[in-house]
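Reading through the structure tokens given below for one structure.
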Amino acid sequence: MKKNITRFSILASFFLLFSCNDNNKLTEVVEVPLPTKEEKITIGSPNDVKADPGSFELTKLPFTYDGLSPALRSLTLETHYSKHYLSYTNNLNKEIVSTEFENMPIEDILKKMPLSNLKLRQNAGGYYNHTLYFNILTPKEQTPKDTLAGSINKEFGSFNNLTNQFKGQAEKQFGSGWVWLVVDRYGKLQITTTEDQDNPLMKNALIPGTPILGIDLWEHAYYLDYQNRKGSYIDAFYGHINWEKVNEYYVEALKKVKKV
Ligand SMILES: [Fe+2]
């Protein structure tokens, strides 16, 4: 389904009528055209976005592009999903064709790939990070529940403390990168950061762990809506976290820890 948004279509004229009440009646009609430029923005549907054939496909966006509006408007979300995320996915698929990584789960690629392989590192990271990002967003504000809520209270003292620490790290992040909530190798929740499209599954992670929540701090994630007001974007993102989904990731991550 295509949704057309026509911002402005102004084709107007002002007619100014000047009259003189003398015998020689003078009527002057002046046509003053207003700007006639028609700006038409077409927003597509996330369901129409498909990666080129290959090992990995885009995660299905569980809402329409205007699902997070006004916090993140449709143009921001569409650009992010159908341009940036799609590009990482297609490039990853190209990079791994006929390599040892072709049929490997993305988590294993991230753990095993040499960091010196920059193209693979950027695109595998970009694919994984954005898949998580789009999976943990939701139109309606939530708070943590169940297992995760208990662990947050136990390990951070309160949900407020987690929020302040997470937002604080995101504010401090300089340049393009990500802030994560991860389950570390001991099963503990930790907040950590990575640069560019790196993530805590890679060999260079300061705090290695399984990400269960991540905020994209690249300007492409917010600049159309917030320009330099990164803090406003962080607040907007935080108000749309799908904590139910994050809890699912948390429970899965804990199972992996117990297997070690
Ligand atoms: Fe991004």
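Every read-out reported here was derived from the displayed coordinates using simple, explicitly stated rules and does not represent laboratory data. Nothing here was measured: the structure is a model prediction, and the numbers come from that model. Ideal geometry is used to build each Cβ from the backbone, glycine not excepted, and the neighbour counts take in all protein chains shown.
Some points to look at:
- Packing-based exposure ordering (other Cβ within 10 Å, fewest first) of Y223, Y250: Y223, Y250
- Computed extension gain for K256 through L118, at 0.36 nm per residue and net of the alpha carbon distance, reaches 46.9 nm.
- Potential lengthening between S232 and E102 on full extension [0.36 nm per residue; Cα-Cα distance subtracted]: 42.9 nm
- Order of L162, L224, L110 under a 10 Å beta carbon neighbour criterion, fewest first: L224, L162, L110
- Spatially proximal aspartates and glutamates relative to K188 (Cα-Cα < 15 Å; intrachain offsets below 8 disregarded): E155, E252
- Among the listed pairs K50/K230; K111/K172; K40/K83, a Cα-Cα separation exceeding 23 Å is found for K50/K230; K111/K172.
- Listed values for segment 209-219 are Karplus-derived 3J(HN,Hα) couplings in whole Hz (6.51 cos²θ - 1.76 cosθ + 1.60, θ = phi - 60°), namely x, 9, x, 10, 7, x, 10, 7, 10, 6, 4, and x replaces Gly and Pro.
- 3J(HN,Hα) couplings calculated from phi for segment 184-200 with the Karplus curve 6.51 cos²θ - 1.76 cosθ + 1.60 (θ = phi - 60°) are, in sequence order, 7, 5, 9, x, 8, 6, 9, 9, 8, 10, 9, 9, 6, 10, 5, 7, x Hz; Gly and Pro show x.
- Amide H partners (placed H, <5 Å) of W218, local residues excluded: G177
- Sequence-ordered 3J(HN,Hα) estimates for segment 229-235 from the Karplus curve with 6.51, -1.76 and 1.60 and θ = phi - 60° stand at 8, 4, x, 5, 5, 4, 4 Hz, glycine and proline given as x.
- Fewest-first ranking of F63, F134, using other Cβ atoms within 10 Å as the exposure measure: F63, F134
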